[in-house]
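Okay, structure first, notes after.
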């Protein structure tokens with residue numbers, strides 16, 4: 001079938017419009033010629049032919065350079081917007097085969113206990129596209145680690161990115177039911193002083209809550225460090241707690257599913273801080289609909305209730321309340 005052109009849409013050639021756009025930006029035909037890799041006379045000829053086609057002058061010729069007429073300024077705005085739209089669409093289409101994978105950067109604990117159980121839902125939200133999870137225990141810097149989205153702990157701002165709070169830092173003591181079964185019920189924070197405590201090592205003191213912080217929040221001096229177990233990543237801390245090796249600090253909502261499944265029980269009151277998990281989105285570059293869908297999904301999931309409780313991202317009460 002022969003498709004006839006729409007003769008009601010009278011448009012100059014795209015090449016002519018590109019020459020006009022460069023000349024209008026440079027306001028100098030010689031400079032435009034250098035940018036286009038052609039001659040000044042060729043640019044001048046193209047502009048003259050466009051003016052003749054439209055029947056209006058687009059430039060006023062001066063001794064040094066040119067200036068746009070009102071008609072030229074109107075056409076320049078329209079052409080620039082049109083070329084920007086075309087450039088964005090072609091960039092997205094040309095990158096589509098290579099961008100079927102989405103990179104999410106986060107820490108070990110969030111990846112293991114929050115993200116992994118939701119991977120099937122995430123894959124469905126992204127139409128089955130590949131997801132790559134990059135785990136880092138150190139602070140996440142978008143300048144050093146390119147990603148489509150990151151869920152970072154403690155960051156409130158970042159260079160070249162947008163930061164949105166997801167979950168406040170809410171921490172409760174947790175242990176296996178077997179670990180708690182042979183001991184008197186924990187009725188007071190002081191009851192934990194004599195229990196074996198599991199610690200998470202940090203190269204940056206103060207980045208997240210520690211056992212000494214939890215005890216001080218309840219007005220108690222922390223116990224001495226003898227006989228304690230320390231691990232350098234959070235999944236190992238939680239696995240040790242599930243195995244009955246001691247009491248761990250449980251970050252909500254990371255431990256919520258383990259609590260709901262009965263693998264862990266809460267042994268004390270929560271402590272909240274101003275820190276927490278945030279969504280980090282690289283800004284200032286074209287990211288496409290897929291990356292936007294990924295971040296929208298993370299925000300929606302953060303507001304979903306866990307085991308009939310309040311939304312995971314909802315504000316929590318402070319320590320002792």
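Numbers at a glance
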{"read-out": "Förster radius 22 Å - calculated FRET efficiency between residue 132 and residue 84 (Cβ-Cβ, nearest 0.05)", "value": "0.10"}
{"read-out": "Exposure proxy order (Cβ contacts within 10 Å, fewest to most) of 169, 53, 274, 71", "value": "274, 53, 71, 169"}
{"read-out": "Sorted by Cβ neighbour density within 10 Å, fewest at the top, the residues 45, 199", "value": "45, 199"}
{"read-out": "Cα centroid separation, the range 59-75 to the range 211-280 (Å)", "value": "69 Å"}
{"read-out": "Ascending count of other beta-carbon atoms within 10 Å, so fewest first, for 278, 186, 134", "value": "134, 186, 278"}
{"read-out": "Prolate/oblate/rounded label for the range 14-95 (Cα gyration tensor, a/c 1.5)", "value": "prolate"}
{"read-out": "Inter-site label distance for residue 181 and residue 39 at 7 Å from Cα along Cβ, in nm", "value": "9.4 nm"}
{"read-out": "Cβ-Cβ FRET estimate between residue 220 and residue 293, R0 fixed at 51 Å, reported to 0.05", "value": "0.65"}
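Throughout, read-outs are computed from the coordinates displayed, never taken from laboratory work. Everything numeric in this text was worked out from a predicted model, so none of it was measured. Backbone-built Cβ (ideal geometry, glycine too); neighbour counts: all protein chains shown.
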